[in-house]
Amino acid sequence: MQTMVKPRLPIRRFDVFAEYNRRKALADGIPEDEAEGYGLWVAKVVASRRFGSGVFSQAPSKVRESAPREPGEEAQAERPKWHSLGGEPQTDDLFQKEIVNRMGREFYETVFAPAIAQAVAEDRSYNAIRDTIRKDWRP
């Protein structure tokens, strides 16, 4: 009898969205640590907009592209490594704490991350996977 690895806590759409965006960022060539922070940041921005406390008035990708620059700074100038929300940098360590550790590292590494990676590789949209991919993942 094979024992399926289970998450420590219920898997949320938020978790799926953060990992999905982390995978998309990796595919765009963003380094692993920055991709983790970016995935978490995007998930929080979208969640805040959805529940009425909109941090930004435009889509997360547009916010990143239109980040304020110093006067005279070139368009190709380097952006800060971490996006910040409420004065808190959204880092890879925070991703590990709020996503990976919440569900359990073993579940994340053996079940969750590979499933999201496969969905991204198959070019499936977040909306197509957000509920179906997590339906059997129960603590």
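Determine, for GLU32, GLU98, the number of other Cβ atoms within 10 Å of each Cβ, and report the residues in order from fewest to most.
Listed from fewest to most nearby Cβ atoms, that is GLU32, GLU98.
When TYR20, TYR126, TYR38 are ordered from fewest to most other Cβ atoms inside 10 Å of their Cβ, what list results?
So the residues, fewest neighbours to most, are TYR126, TYR20, TYR38.
Would you pull out the residues with amide H under 5 Å of LEU85's amide H, same chain only if 5 or more places away, H placed 1.01 Å from N?
The answer is GLN90.
Every read-out reported here was derived from the displayed coordinates using simple, explicitly stated rules and does not represent laboratory data. The structure displayed is predicted, hence computed values, not measured ones. For neighbour counting, all protein chains shown are included, and Cβ atoms are generated from backbone atoms with ideal geometry for every residue, glycine included.
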